[in-house]
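See below for the structure under consideration.
The values are calculated or read from the model by the stated rules, or taken from the named source; none is laboratory data. The shown structure was predicted, so the numbers you read here are calculated from the model rather than taken from an experiment. Cβ placement follows ideal geometry from the backbone for every residue including glycine, while neighbour counts extend to all protein chains displayed.
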Amino acid sequence: MALSEIDRKILQRLQTNLPLTHRPFLDLAKELELDEDLIIERVKSMVEGKYVRRLAPIINTQAVGNSATLAAMQVPEDRIDDVAEVINGYSGVSHNYLRKGKNKELPLNIWFTMSAPSQEKLEENIKEIEDSTGFKVRMLPTTKKFKIGVKFKIY
Amino acid sequence: MTEDLDIKLIKHIQDGIPLTKTPYKDMADGLGMSEEEVIGRLKALLKNGKIRRLAASIAHRKIGINSNAMTVWKVPGERVDECGPIMAAFEEVTHCYERPTFPGWEYNVFTMIHGYTDEECENVIESIKQKTGLNDYVMLYSEREFKKVGVRI
């Protein structure tokens, strides 16, 4: 399935809030000059086709009382897979990547984000990862937010 | 309104709302609440910031947005408040944060840049350099994705 013009139009709009009304897709239909049934059908199809991960509330983990941090590790090549697996084992880990500096080499190569119900639990998890892998975890929590968007330009 | 019911509501729909003509009515039925209560709670959760948005999360790679450059910048402390908003103003910059430094790590401002190509990301980086005069940065491209899921409660 390739995305049609209509799909792109719907996706662009759906990256911002769905109306909180009795018939939200009807409101969208009026706004986009499309048909309500068509919008619902296309959204379902884009979810099934995995173009859309989900249409759901995007949770501010800290505002609901959780603690969160970005974390980075320096892991040698031959240990990357098993360390990544240990990190992935935590349900509070939402992102986990191997990253490489393009214009400059940096020692830190595994980057992940973790949230936990409390700061104490977060630090406990991090300590566990250090103990079970044998590598130091650097915590880089946000000290100031300038932007949190994740709205993509859909061509 | 108890917090517990808000959490119950979020948990009920965090993997996706019903894709029906009346999604709030349908979630209300599943939760034993009224449609008005569901809408009211969601409005309040958006207002108090516990929910950032009720919106589609797109699979950016599948859409063709294949490049993601986490770019870290060394910004003098007194220039952070001036440079942060300049970086954040770019559409391709989806996240922009200040983070702590430690011995051996002096990059204090993080920008997540998404683009259809590496070139598109690098054009943004070039513009940021020109607009801020900053020159010490590292583009960290993702080589492998081990995990990428939405934040759950």
Subject >> Counted residues, the stretch A:80-113 - those being in contact (Cβ under 8 Å) with a residue 12 or more places away in the chain, touching a Phe, Trp or Tyr at 6+ places or on another chain (Cβ under 6 Å) and over 22 Å from A:Thr142 (Cα atoms) >> reply: 1
**OP:** Go through (1) within 29 Å of A:Pro117 (Cα to Cα); (2) not assigned by TED's automatic domain parsing to the domain that holds A:Ser118 one by one and return the number of the condition A:His22 breaks.
**Re:** (1)
Original post:
Which of the following residues is within 7 Å of chain B (Cβ to nearest Cβ), out of contact with any Ser or Thr (no Cβ under 7 Å at 6 or more places or on another chain) and surrounded by fewer than 20 Cβ atoms within 10 Å (Cβ to Cβ): A:Thr143, A:Thr133?
Top reply: A:Thr143
Subject >> Residues (farther than 23 Å from B:Glu36 by Cα and not basic (Lys, Arg)) located in the stretch A:11-30 >> reply: A:Leu11, A:Gln12, A:Gln15
Original post:
Can you tell which of B:Gly133, B:Gly84 is among the small types (Gly, Ala, Ser) and within 11 Å of chain A (Cβ to nearest Cβ)?
Top reply: B:Gly84
Subject >> Elements of type helices (runs of 4 or more DSSP H) in the stretch A:1-67, at least 2 residues being within 21 Å of B:Lys148 (Cβ to Cβ) >> reply: A:5-14, A:36-48
Original post:
Conditions: (1) in contact with a helix residue (DSSP H, G or I) (Cβ under 9 Å, 6 or more places away or on another chain); (2) more than 7 Å from chain A (Cβ to nearest Cβ); (3) farther than 30 Å from A:Gly101 by Cβ. B:Leu54 meets all but one. Number of the miss?
Top reply: (2)
Subject >> Residues located in the stretch A:73-93, provided they are at the interface with chain B (Cβ under 8 Å from one of its Cβ atoms) and either crowded, with 19+ Cβ neighbours inside 10 Å or part of a loop (DSSP other than H, G, I, E, B) (or both) >> reply: A:Ala84, A:Ile87, A:Ser91, A:Val93
Subject >> Selected residue (criterion: nearest to B:Arg152 (Cα to Cα)) from residues of the stretch B:1-47 that are touching a residue at least 40 places away in the same chain (Cβ under 8 Å) and surrounded by 18 or more Cβ atoms within 10 Å (Cβ to Cβ) >> reply: B:Gln14
**OP:** Give me the pairs, please: first residue somewhere in the stretch A:20-42 and closer than 18 Å to A:Glu5 by Cβ and within 11 Å of chain B (Cβ to nearest Cβ), second residue anywhere and among the acidic types (Asp, Glu) and part of a loop (DSSP other than H, G, I, E, B), beta-carbon distance under 8 Å, and either six or more positions apart or on two chains.
**Re:** A:Ala29/A:Asp35
**OP:** Examine the stretch B:50-70 for a residue that is of a type in the set (S, T, N, Q), at pLDDT 95 or above and surrounded by fewer than 20 Cβ atoms within 10 Å (Cβ to Cβ), and state whether such a residue exists.
**Re:** no
